[in-house]
Amino acid sequence: MQRSKVRVVPSVVTFGGWKGELTIDGDVLTIDSLDGSKHLSIDVKDVKRTSFNSNNGLWVFKLRDGTRVRMQSAGLLLSADRTPAGRAANDQIGELLAKHHVSGFSV
């Protein structure tokens, strides 16, 4: 089980939103806010398309129901978690997306 810090952001601008802890367990990404007031789960099987910006660590997941989830993790410049745990979480997310043949592109 992989854990790291992330920020869930409302738009492609990486300011605002809420901070939380990402837990990767199997095919499910779970984010719990640091204060315990918010919770978000993404099953990778429900992801239709994704993009990742390696500069700021912004993931955009487009789900099969049409909703989008934006999450900032480890990146080069501005990011939520530049620790080895953040980079390992990015690697694991990429592996899960590849395992489920999720199409995407990198910025």
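The values are calculated or read from the model by the stated rules, or taken from the named source; none is laboratory data. Since we're looking at a predicted model, the values are computed, not measured. Using ideal geometry, Cβ is built from the backbone for each residue, glycine included, and neighbour counts are taken over all protein chains shown. All accessible areas refer to the heavy atoms of the entire protein, side chains included, with ligands and DNA or RNA removed. Shrake-Rupley method; radii C 1.70, N 1.55, O 1.52, S 1.80 Å.
Descriptive notes on the structure:
- Taking Lys and Arg as +1 and Asp and Glu as -1, the other residues whose beta-carbon sits under 9 Å from that of Val44 total -1.
- Mean sequence separation of contacting Cα pairs (under 8 Å, at least six apart), scaled by the length of the chain, corresponds to a relative contact order of 26 percent.
- Normalised by 2.2 N^0.38 Å, where N is the number of residues, the C-alpha radius of gyration of the range 44-107 stands at 1.06.
- Hydrodynamic radius of the chain by the Kirkwood approach over all distinct alpha-carbon pairs: 13.4 Å.
- Average accessible surface for the chain: 56 Å² per residue, computed with a 1.4 Å probe over protein heavy atoms with every protein chain in place.
- Packing here is the average count of other Cβ atoms within 10 Å per residue, and on that basis the peptides 76-83, 93-100, highest first, run 76-83, 93-100.
- Total formal charge among the other residues, if their Cβ is under 12 angstrom from that of Val28, Lys/Arg +1 and Asp/Glu -1: -3
- Only lysines eight or more places from Lys19 in sequence, or on another chain, were considered; those with a Cα closer than 20 Å are Lys5, Lys38.
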